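The values are calculated or read from the model by the stated rules, or taken from the named source; none is laboratory data. Keep in mind that this is a model prediction, so the values were computed, not measured. Every residue, glycine as well, gets a Cβ built from its backbone with ideal geometry; the counts of neighbours run over all protein chains shown.
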């Protein structure tokens with residue numbers, strides 16, 4: 001462990017017992033850093049179950065929808081000073097991002113999306129961040145072009161993953177088991193999935209499809225009428241991981257992603273990802289035809305149906321793809337690789353903090369707690385709301 005940095009504050013927008021991609025990334029990065037000898041502090045919404053925090057000996061700094069943002073940010077600054085925290089790694093936490101101009105320690109934000117308030121929060125106070133890490137090449141381009149982030153401060157580091165230890169390389173079942181985990185989210189390509197199951201019913205004589213994720217009422221009604229797919233809705237992570245670990249293929253027809261953890265999980269478990277060429281890291285994570293496939297968004301249902309048919313008839317190719325998928329994970333996407341790159345950045349700060357501002361602006365929570373129409377609109381338009389100021 002580098003002697004310069006020993007104690008790190010992680011910011012996350014998800015409670016530790018809920019959420020998906022950002023939560024998985026934040027928690028796994030934290031566990032990896034703990035294994036490397038760092039002491040971790042964790043700022044996030046208060047969970048219902050804090051066993052993960054307790055079991056990993058992490059110091060939590062919780063908040064909820066009744067928290068006063070200015071008071072909470074005061075608390076964060078006091079903890080950073082009193083606990084001698086050496087660095088910040090922020091994952092979409094607006095409170096942590098608000099205090100960056102007031103700290104004397106290296107600070108990194110991880111950008112998890114290039115739009116909505118997720119992007120606005122990541123780019124907030126960019127002059128006082130040492131780095132804004134983009135998790136895909138598309139995202140880096142957007143941050144540089146739209147938010148004027150200097151190229152030198154916007155490295156690309158793809159997500160990493162702790163080894164799930166559930167390799168599926170040797171699965172030999174006759175019928176393909178296929179997973180989709182986007183619920184009814186159009187950004188995740190739910191409409192393309194619906195078109196696939198409606199227009200290509202014959203393929204599901206060879207394919208056992210399991211559909212996961214939050215569903216709108218209209219999607220529930222549509223899917224209830226289709227007898228040849230298995231609809232699970234939103235389930236806990238253990239249930240989902242058990243199902244996917246016994247599967248053959250992951251479908252991800254997303255229009256817009258960051259660096260999807262679902263693909264990394266599939267690669268690690270020897271499961272073949274069939275993704276889209278939408279915005280995001282998918283094209284860089286998958287070597288199409290070698291360890292998975294990239295299909296064109298405009299033709300995704302038709303191309304995917306043909307792929308499923310071809311793969312169901314070629315077990316040897318399936319085996320090769322599974323082996324290559326696992327190898328891709330082992331050589332490129334272990335979380336330890338990601339953690340080492342981030343620590344290297346923290347050890348090479350870019351900001352001169354001798355002339356910090358005397359007053360900083362604190363922003364309200366940027367994720368809809370109550371999900372009113374106004375909150376939803378601000379979220380989608382990337383509008384951040386001010387809460388107050390702190391004299392530092």
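Table for the structure above
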| quantity | calculated |
| --- | --- |
| Qualifying residue in the stretch 242-261 (condition: surrounded by fewer than 17 Cβ atoms within 10 Å (Cβ to Cβ), closer than 25 Å to residue 17 by Cβ and without any contact (Cβ under 8 Å) to a residue 24 or more places away in the chain) | yes |
| Answer from 209, 223, 321 - the residue that is surrounded by 18 or more Cβ atoms within 10 Å (Cβ to Cβ) and under 30 Å from residue 139 (Cα atoms) | 321 |
| Filter result for residue 316 (more than 29 Å from the chain's Cα centre (by Cα), modelled with pLDDT under 95, over 30 Å from residue 155 (Cα atoms) and exposed (fewer than 13 other Cβ atoms within 10 Å of the Cβ)) | yes |
| Which listed residue is within 18 Å of residue 16 (Cα to Cα), touching a residue at least 60 places away in the same chain (Cβ under 8 Å) and under 27 Å from the mean Cα position of the chain (by Cα), from 64, 91 | 91 |
| Check on residue 194, out of contact with any strand residue (DSSP E or B) (no Cβ under 8 Å at 6 or more places or on another chain), assigned by TED's automatic domain parsing to the domain that holds residue 268 and either without any contact (Cβ under 8 Å) to a residue 40 or more places away in the chain or buried (at least 18 other Cβ atoms within 10 Å of the Cβ) (or both) | yes |
| Search result, residues across the stretch 242-255 that are touching a helix residue (DSSP H, G or I) at 6+ places or on another chain (Cβ under 8 Å) and more than 20 Å from residue 302 (Cα to Cα) | 244 |
| Single match in 53, 105 (criterion: more than 26 Å from residue 268 (Cβ to Cβ), buried (at least 19 other Cβ atoms within 10 Å of the Cβ) and free of Cβ contacts under 8 Å to residues at least 60 places away in the same chain) | 105 |
| Every residue from the stretch 208-237 that is free of Cβ contacts under 8 Å to residues at least 40 places away in the same chain and in a loop (DSSP other than H, G, I, E, B) | 213, 214, 215, 216, 225, 226, 227, 228, 235, 236 |
| Subset tally (residues that are farther than 23 Å from residue 306 by Cβ and assigned to a strand (DSSP E or B)) for the stretch 239-277 | 1 |
| Qualifying residue in the stretch 365-377 (condition: in contact (Cβ under 8 Å) with a residue 12 or more places away in the chain, surrounded by fewer than 17 Cβ atoms within 10 Å (Cβ to Cβ) and within 30 Å of residue 121 (Cβ to Cβ)) | yes |
| Residues of the stretch 143-156 classified as surrounded by fewer than 20 Cβ atoms within 10 Å (Cβ to Cβ) and in contact with a helix residue (DSSP H, G or I) (Cβ under 9 Å, 6 or more places away or on another chain), total | 9 |
| So residue 344, is it at pLDDT 95 or above, part of a helix (DSSP H, G or I), farther than 28 Å from residue 199 by Cβ and in the same structural domain as residue 86 (by TED's automatic domain parsing) | yes |
